[in-house]
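One structure is given here, and the rest of the page talks about it.
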Amino acid sequence: MKRILVLGCGGAGKSTFSKELHKKLGYELIHLDCHFWLPGWEMIEKEKFDSMLDDFVSREEWIMDGNYSRTIDKRLDRADTVVYFDFPRWRCLYNAVMRMVKGKLFKKERSDITAGCEEKFDMEFYRWIWNFNKNNRAGNLARLEQVKESKKVYIVRNYRQKRELLETICRI
């Protein structure tokens, strides 16, 4: 287990889980949001992002979190382990709203997003979360079904499973 890809809906806990794995395993931690977004929520040029991604996936050890469906096949090809957070949309939406509220109240900066991308009440993002499972879940699970013979695939559906998986991975 050297290249771990963490996927799932926004607000599911991908980045937090990835940080916990990083602390336990010491592998390079790559938050794709840090490389896709420029300050002020501006998108990086597609070619630059793809070039960075090629470099990232070629490395020997990493933990990479983020969806970016356009590039998922490239990342899946190189990953040996995939963790998919399959949480209900209400949980993800609640987590995202609470993350925004806590960020504002406690002036907490996130390490999993580009500096200069401030948390805000963003209806477009919340709609994306609300519709993520409807629009992406079946395709994501089908893609993972296709690779489960050649990769370790973990589907996490609640916090208990998340804790158990973290403990299991760190014992391997």
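The values are calculated or read from the model by the stated rules, or taken from the named source; none is laboratory data. Just so it is clear, the structure is predicted and the values come from calculations on it, not from any experiment. No Cβ is skipped: glycine too gets one built from the backbone with ideal geometry, and neighbour counts run over all protein chains shown. Surface accessibility is based on the protein's heavy atoms, side chains included, excluding ligands, DNA and RNA. Shrake-Rupley method; radii C 1.70, N 1.55, O 1.52, S 1.80 Å.
Structure notes:
- Yes/no for residue 3 being among the basic types (Lys, Arg), open to solvent by less than 50 Å² (accessible area, probe 1.4 Å) and either within 15 Å of the chain's Cα centre (by Cα) or within 23 Å of residue 129 (Cβ to Cβ) (or both): yes
- Long-range neighbours under 6 Å by Cβ, at least six apart or interchain, first residue over 14 Å from residue 7 (Cα atoms) within the stretch 74-94, second of a type outside the set (Phe, Trp, Tyr): 78/3; 78/57; 89/133; 93/129
- Residue count for the stretch 67-79, restricted to those that are touching a Lys or Arg at 6+ places or on another chain (Cβ under 7 Å) and of a type outside the set (A, V, I, L, M, F, W, C): 1.
- Among (1) within 22 Å of residue 27 (Cβ to Cβ); (2) without any contact (Cβ under 8 Å) to a residue 40 or more places away in the chain; (3) open to solvent by 10 Å² or more (accessible area, probe 1.4 Å) - the single one residue 49 does not satisfy: (3)
- Meets criteria (under 23 Å from residue 132 (Cβ atoms), touching a strand residue (DSSP E or B) at 6+ places or on another chain (Cβ under 7 Å) and polar (S, T, N, Q)) for residue 71: no
- For the stretch 52-73, a residue qualifies if it is open to solvent by 50 Å² or more (accessible area, probe 1.4 Å) and closer than 19 Å to residue 9 by Cα, and the qualifying residues are 69, 70, 73.
- Look at the stretch 140-169: where a residue is of a type in the set (A, V, I, L, M, F, W, C) and a partner is open to solvent by 70 Å² or more (accessible area, probe 1.4 Å), sitting 6+ places away or on another chain with Cβ atoms under 8 Å, you get 166/24; 169/24.
- All of (1) open to solvent by 50 Å² or more (accessible area, probe 1.4 Å); (2) modelled with pLDDT under 95 hold for residue 10 with one exception: (1).
- Residues (within 16 Å of residue 12 (Cα to Cα) and free of Cβ contacts under 8 Å to residues at least 40 places away in the same chain) located in the stretch 120-130: 126, 127
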